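I have placed the structure first, in the form of structure tokens, so that the comments after it can refer back to it.
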Amino acid sequence: MNSKQSSADLSAIDRIWKSFASVRLTIALLLSLAATSIIGTLIPQNEAPGAYLQTFGEFLYRLFSLLGLFDMYHSWWFRALILLLVVNIIICSLDRLKATWKIIFVRNPRFNIARYRQLKSKAEFNAAGATASLKDRFLPVVSRRYRYRRTEETDAGFAIYAEKGRLTRLGVYVVHLSVVVLLIGGLIGSIFGYEGFVNLAPGDSARSIQLRHNNQILPLGFDIRCDAFKVEFYDTGAPKEFRSSLSILKEGKVIEQKDIIVNDPLRYEGISFYQASYGSLSPTEVILNFTSQATGMIYSQRAAIGTAVDIPENLGTFTLKKYTRQADFRGHNIGEAFIGVLTPQNSNPIDITLPLKFPSFDKMRKGQVFVSIADFVPRYYTGLQVSKDPGVWVVYIGFILMIIGIYITFFMSHQQICVEVTLLDKKSQVMVAGTSNKNKMGMQKKVAQLAHRLANLTSGK
Amino acid sequence: MNSSLVLSIITFVYGLAGFLYIFAWVFKRPDAGRLASWVAVIGLFGNTAGIIMRWVESYRMGIGHAPFSNLYESLVFFAWTIGVIYLVVERKAGNRIIGAFTMPIAFLAMAYASLKPGISSEIQPLIPALKSNWLIAHVITCFIGYAAFATAFGIGAMYLLKQGRDVEGVTWLDIAKPLTLFIFVLLFSRVLLAGNWAMSIIIALPLCLIFYIGVFLTRRMPVDIKDRLLGVFPESAILDELGYQVTLFGFLFLSIGIISGAVWANSAWGRYWGWDPKETWSLITWFIYATLLHARLMRGWRGRRIAYLSLVGFAAVLFTYFGVNLLPGLHSYGAFGQ
Ligand code: HEM
């Protein structure tokens, strides 16, 4: 942009363009994003309105919800900040790219010897020998370090110009592009993707899932079946592994099968199933101990809910009826229990409560046989996170671009040097000078090294 | 000899190195400085050995995993990275005074890991969510980033010490600065040291007071002592440039750290970004350092302003690391299911 133009001459578009190309805006936006992001970490996000009302009271609840603070990362104003940042990045980059482009895409870069003579990182020494022989000796050394070089004759000698890393000037644009690519990927995901979940007991299958943000039911277009689910624990009680064996079925036929664990999902038709949680289901099988009062013998038997078991010594039959999470005994909650019916040989059926926590509970009944639960097979359902995100590959490309771009920008530079040799009487005076667009201190060292190398060459070492 | 013992010893070695660096600086003893470098190198070797031993021990216990899985292990690795980065900076800058400002951070990290009750140094088995190679990439890159920022913080503090007080007094800044300091110190005493707010205030007040007495004394210091202490610092411009180079390094690794975390989250939970407090705070940190880069590069900020931004950035790093545990609703890391 032409800085000589006074702002009054600029058209409105130019002025808007200019203000969006300003780095001052960038700083304001980055700091605003940092500051406002804090809010969402202080107020828990996306909880039930009731919980918020209780914490904040009526007035603050209204205010916060008006400002979208309960889902602030998706609120209009936060999105507007991000949009402004994107516009800022794009316009600023285009604005500067115009100038950078000319430096990068020229066949013969321009060198201005006067500029090199004024540089701070410059070294000079005197060398014996004619300038022509020095040229032959210097060129290979310079060539080894710099991709592009050119020699020019001067009034009293010659000058070698060399440079490398011109393309690294594009690094910044790669970084900025990556930010835009990331956000486009995120946008694709939020428009065409979804996040949901489904809970499956072993043996069950589902044809649809529940979406997370609005609780709607979404049909999958195929069946997902849980064939088995296993939880393993360490000795410390910490969970070790959760493993669900899943099958995908279409029209009753198994299309795909996979065991998934945390960090290793099943993917099918762009939809991924993640091992996300689990929960306990009521057990359906137990090992019962029947203790005969008469003989003191203990008989162990396996029993499933609903089927009758014959008790030895003609003590009758026992049928497990159901499992309950909270059994009641004279108004007290005695926790998880099974309820069963004991039908003695020749009397009326009796309801029996078998709490898991109190194995000798049934002894109190003082019947002919005392029933207790020796063991039961715990059953779990698996909680699957189901998500589809067609934007994820765009995001990953953005990630790669960002890392490459930052590396190039920070650690590589466009370096230009000039070696000028001037004949003075019988000696030649050599000047080595160089500049780079970044890390000037590093460049200073490189210039000194090159000068040292060339000086050694001429002194015959 | 097990790894925990080795690492406890290393805590003292780092402490000694930090002390020697400070001693060499205050009493102008280059011999003590050279010794400090050697002690730091020994500490680094011991630290490395401790990490490897811990790795081997976990396999002996049958729950083998890389030692980057809990607070203790991450602190140990943090100290290790600070040691490496500092020693590189020492070689590059040819100045040992920076060690007086960075080695103590490594010492504090180790001391906190070993001494704070509630931080278990036992090797624990990995819960399912942590069983991923992305976890290793994530922890290593994040902590290289954090350690670089810690070093930049030390260099920024040196810059501010050398440059002294702001030339023009700004009233709101004079009020804002101690207030900000108090809030930070309060937060960190709450997170790191005390179990409740009352206790944190009791700890924070004297800490701030000591800080300001220190500042006061530095200002009143006779000119010759001041010159002796600050004259040996590298040139302001070099400190500024050095801090910036280290920050660049940190920014690259913080970016890779956040990205590897996102990839890991995607492989474990099916979403690469969920605005959970820890993720959000790492992004806040990233925004602050991005601001620093642009302010310096394009607005020509140098010196003091950049040093302040560097301090704020490091505060955000610490908050990402520790402070997040104070916030509501942190479930996704570690917790599973119910
Ligand atoms: C989150 C968003 C952004 C990130 C991560 C980012 C990152 C970077 C990085 C890493 C650099 C290179 C710094 C260096 O060389 O040391 C840079 C330079 C720059 N950025 Fe950004 N940037 C962002 C947003 C923006 C925006 C919105 C603008 C718009 C004005 C902008 C303008 C610039 C400019 C003008 C440069 C210097 C380019 C040059 O050297 O010619 N950046 N940015």
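The values are calculated or read from the model by the stated rules, or taken from the named source; none is laboratory data. Predicted model, so just to flag it, every value in this text is computed and none were measured. Note that we place each Cβ from the backbone using ideal geometry, even for glycine, and neighbour counts take in every protein chain shown.
Within region B:250-263, is there a residue that is facing another protein chain (nearest Cβ under 7 Å) and in a loop (DSSP other than H, G, I, E, B)?
No, every residue in region B:250-263 fails to be facing another protein chain (nearest Cβ under 7 Å) and in a loop (DSSP other than H, G, I, E, B).
Just give me the residues in region B:284-309 being more than 11 Å from the ligand (Cβ to nearest atom) and modelled with pLDDT under 90, in sequence order.
Once the filter is applied, which keeps residues that are more than 11 Å from the ligand (Cβ to nearest atom) and modelled with pLDDT under 90, region B:284-309 yields B:GLY300, B:TRP301, B:ARG302, B:GLY303, B:ARG304, B:ARG305, B:ILE306, B:ALA307, B:TYR308, B:LEU309.
Filter region B:259-283 down to the residues that are within 18 Å of the chain's Cα centre (by Cα) and within 15 Å of the ligand (Cβ to nearest atom) and list them by number.
Result: B:SER282, B:LEU283.
State whether the residues of region A:451-461 include one that is within 16 Å of the ligand (Cβ to nearest atom), assigned to a helix (DSSP H, G or I) and either among the hydrophobic types (A, V, I, L, M, F, W, C) or not assigned by TED's automatic domain parsing to the domain that holds A:PHE158 (or both).
Checked region A:451-461: no residue is within 16 Å of the ligand (Cβ to nearest atom), assigned to a helix (DSSP H, G or I) and either among the hydrophobic types (A, V, I, L, M, F, W, C) or not assigned by TED's automatic domain parsing to the domain that holds A:PHE158 (or both).
Scan region A:236-270 residue by residue and report those that are away from chain B (no Cβ under 14 Å) and not in a strand (DSSP E or B).
Matches in region A:236-270: A:GLU251, A:GLY252, A:GLU269.
Here's a check for you: in region A:410-435, which residue that is assigned to a loop (DSSP other than H, G, I, E, B) and in contact with a helix residue (DSSP H, G or I) (Cβ under 8 Å, 6 or more places away or on another chain) is farthest from the other protein chains (Cβ to nearest Cβ)?
A:HIS414
Hey, could you check region A:21-58 for residues that are over 24 Å from B:ASP276 (Cβ atoms) and among the charged types (D, E, K, R) and say which is nearest to the ligand (Cβ to nearest atom)?
A:ARG24
Can you pull out the residues in region A:27-68 that are in contact (Cβ under 8 Å) with a residue 12 or more places away in the chain and over 20 Å from B:ALA295 (Cβ atoms)?
Result: A:ILE39, A:GLY40, A:ILE43, A:GLN45, A:ASN46, A:GLU47, A:PRO49, A:TYR52, A:TYR61, A:PHE64, A:SER65.
Which one of A:ASN263, A:ASN215 is surrounded by fewer than 16 Cβ atoms within 10 Å (Cβ to Cβ) and among the polar types (S, T, N, Q)?
Result: A:ASN215 is the single residue among A:ASN263, A:ASN215 that is surrounded by fewer than 16 Cβ atoms within 10 Å (Cβ to Cβ) and among the polar types (S, T, N, Q).
Kindly list the number of the only condition in (1) of a type in the set (S, T, N, Q); (2) surrounded by fewer than 20 Cβ atoms within 10 Å (Cβ to Cβ); (3) touching a Leu at 6+ places or on another chain (Cβ under 9 Å) that fails for B:THR180.
(3)
Pick out the one residue from A:ILE113, A:ILE104, A:ILE82 that is closer than 30 Å to A:LEU454 by Cβ and within 16 Å of the ligand (Cβ to nearest atom).
A:ILE104
Going by the structure shown, is A:VAL430 modelled with pLDDT of 90 or more and either away from the ligand (no atom under 16 Å from the Cβ) or farther than 30 Å from B:GLY261 by Cα (or both)? Walk me through how you get there before you give the answer.
Working: modelled with pLDDT of 90 or more: no; either away from the ligand (no atom under 16 Å from the Cβ) or farther than 30 Å from B:GLY261 by Cα (or both): yes.
No, not satisfied.
Can A:TYR407 be described as under 30 Å from A:THR435 (Cβ atoms) and within 10 Å of another protein chain (Cβ to nearest Cβ)?
Working: under 30 Å from A:THR435 (Cβ atoms): yes; within 10 Å of another protein chain (Cβ to nearest Cβ): yes.
Yes: the conditions hold for A:TYR407.
Which condition does A:GLN301 not pass, out of (1) within 48 Å of the chain's Cα centre (by Cα); (2) modelled with pLDDT of 85 or more, if it passes all the others?
(1)
Go through the residues of region A:40-55 one by one and say whether even a single one is more than 11 Å from chain B (Cβ to nearest Cβ), polar (S, T, N, Q), buried (at least 16 other Cβ atoms within 10 Å of the Cβ) and touching a Leu at 6+ places or on another chain (Cβ under 9 Å).
No: zero hits.
Given the conditions (1) in a helix (DSSP H, G or I); (2) closer than 23 Å to A:GLU47 by Cα; (3) facing another protein chain (nearest Cβ under 9 Å), report the number of the one that B:TYR272 does not fulfil.
For B:TYR272, the failing item is (1).
Of the residues that sit in region B:8-29 and are out of contact with any Gly (no Cβ under 6 Å at 6 or more places or on another chain) and without any contact (Cβ under 8 Å) to a residue 60 or more places away in the chain, which one is nearest to B:SER121 (Cα to Cα)?
Applying the filter and picking the extreme gives B:ILE9.
Can you pull out the residues in region A:385-415 that are more than 14 Å from B:TYR272 (Cβ to Cβ) and more than 16 Å from the ligand (Cβ to nearest atom)?
Looking only at region A:385-415, we keep the residues that are more than 14 Å from B:TYR272 (Cβ to Cβ), and these are A:386, A:401, A:403-415.
Selection gives A:VAL386 alone.
For region A:117-130, indicate whether the set of residues that are buried (at least 16 other Cβ atoms within 10 Å of the Cβ) and free of Cβ contacts under 8 Å to residues at least 12 places away in the same chain is non-empty.
There is no residue in region A:117-130 that is buried (at least 16 other Cβ atoms within 10 Å of the Cβ) and free of Cβ contacts under 8 Å to residues at least 12 places away in the same chain.
Considering every residue within region A:381-392, establish whether at least one is within 10 Å of chain B (Cβ to nearest Cβ), buried (at least 19 other Cβ atoms within 10 Å of the Cβ) and part of a helix (DSSP H, G or I).
For region A:381-392, residues within 10 Å of chain B (Cβ to nearest Cβ), buried (at least 19 other Cβ atoms within 10 Å of the Cβ) and part of a helix (DSSP H, G or I): present.
Determine whether A:ALA21 is within 12 Å of chain B (Cβ to nearest Cβ), modelled with pLDDT under 80 and over 30 Å from A:ASN215 (Cβ atoms).
Working: within 12 Å of chain B (Cβ to nearest Cβ): yes; modelled with pLDDT under 80: yes; over 30 Å from A:ASN215 (Cβ atoms): yes.
Yes: the conditions hold for A:ALA21.
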